[in-house]
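The values are calculated or read from the model by the stated rules, or taken from the named source; none is laboratory data. These numbers come from a predicted model, not from an experiment. Cβ: placed from backbone, ideal geometry, glycine included. Neighbour counts: every protein chain shown. Accessible surface areas use protein heavy atoms only, side chains included; no ligands, DNA or RNA. Shrake-Rupley method; radii C 1.70, N 1.55, O 1.52, S 1.80 Å.
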Amino acid sequence: MNTNQTQNIKITNADPSALGLFGLAMVTLVASSQKLGWTEGLSFAIPWAIFLGGFAQLFACIEDSKRHNLFGTTAFGAYGLFWIAVAASWLTKLGVFGEAMAASVDGRQLGFAFIGYLIFSLFMTIAATETNKVLFSILVLIDVLFLALAMNSFGIMTEFSHKLGAWTELVISMIGFYGSAAAMLNGQFGRVFLPVGKPMGIFKKS
């Protein structure tokens, strides 16, 4: 009698969107407070950039990868790494890695990095039309933010681009908090506790 049997075990991972969006909301809230002049310096912004902007989103990226969520994996991964890079740039500017590195900083290099992320965010915005209106709104605002950051880095309309980036970052934070709350509460209660809007399906084949 053959007793060998094959069992398929399916492991279901929880949706990490609430944590990832919370990380985004927290880091943009702290960073925007500095840009808006409500706080000063970068020293206390750096830990939030590394742990919330970076690690929280990278954790969400890994978990979304296990769920075969291409959009979440790509978005959380790319923006998580962005905030770690930003934190490293701030540390360099503050002289943590030595006076020679701080003295040789060229802000235009950040400008090119922001342009690269703007390109990335534009096609992620197209992809976001298949998610929900909250995520789509965040991506549109991130497009504006990277445009403003790039302009400021290259010295183009510096006062305007600085204010545009600061206020856009704050709005991203507020929508991010909403998106995090919606992901958490909708999942927890198994119903629409906070609406996020249906996918627009603009580019989907009929």
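Considering the range 116-128, and only residues there that are crowded, with 17+ Cβ neighbours inside 10 Å and not small (Gly, Ala, Ser), the residue that is nearest to Ala148 (Cα to Cα) turns out to be Leu118.
Working carefully through the options Ala56, Ala100, find the one that is surrounded by 15 or more Cβ atoms within 10 Å (Cβ to Cβ) and among the hydrophobic types (A, V, I, L, M, F, W, C). When all the criteria are applied, what remains is Ala56. Residue count for the range 1-23 satisfying the condition of being at pLDDT 95 or above and more than 20 Å from Lys66 (Cβ to Cβ): 0. Considering only the range 68-91, I want to know if a residue exists there that is out of contact with any Lys or Arg (no Cβ under 9 Å at 6 or more places or on another chain), surrounded by fewer than 17 Cβ atoms within 10 Å (Cβ to Cβ) and either on the phi > 0 side of the Ramachandran plot or not in a helix (DSSP H, G or I) (or both). Scanning the range 68-91 turns up at least one residue that is out of contact with any Lys or Arg (no Cβ under 9 Å at 6 or more places or on another chain), surrounded by fewer than 17 Cβ atoms within 10 Å (Cβ to Cβ) and either on the phi > 0 side of the Ramachandran plot or not in a helix (DSSP H, G or I) (or both). If we scan the range 187-203, do we find a residue that is surrounded by 13 or more Cβ atoms within 10 Å (Cβ to Cβ), outside any loop (DSSP other than H, G, I, E, B) and of a type outside the set (Ser, Thr, Tyr)? Yes - at least one qualifying residue is present in the range 187-203. Scanning the range 103-112 for residues that are open to solvent by 30 Å² or more (accessible area, probe 1.4 Å) and either in contact with a Pro (Cβ under 6 Å, 6 or more places away or on another chain) or part of a helix (DSSP H, G or I) (or both) gives Ala103, Gly107, Arg108, Gln109, Leu110, Phe112.
Take the range 172-187 and flag every residue that is touching a residue at least 12 places away in the same chain (Cβ under 8 Å) and out of contact with any helix residue (DSSP H, G or I) (no Cβ under 6 Å at 6 or more places or on another chain).
Matches in the range 172-187: Met174, Tyr178, Ala181, Ala182, Gly187.
Listed here are the residues, each with its yes/no results for (1) in a loop (DSSP other than H, G, I, E, B); (2) open to solvent by 30 Å² or more (accessible area, probe 1.4 Å).
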| residue | (1), (2) |
| --- | --- |
| Phe114 | no, no |
| Thr131 | yes, yes |
| Val140 | no, yes |
| Val144 | no, yes |
| Gly155 | yes, yes |
| Ser161 | no, no |
| Trp167 | no, yes |
| Tyr178 | no, yes |
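Is it the case that the range 32-45 has a residue that's open to solvent by less than 40 Å² (accessible area, probe 1.4 Å), out of contact with any Phe, Trp or Tyr (no Cβ under 9 Å at 6 or more places or on another chain), within 25 Å of Glu159 (Cβ to Cβ) and modelled with pLDDT of 95 or more? Scanning the range 32-45, I find at least one residue that is open to solvent by less than 40 Å² (accessible area, probe 1.4 Å), out of contact with any Phe, Trp or Tyr (no Cβ under 9 Å at 6 or more places or on another chain), within 25 Å of Glu159 (Cβ to Cβ) and modelled with pLDDT of 95 or more, so the answer is yes.
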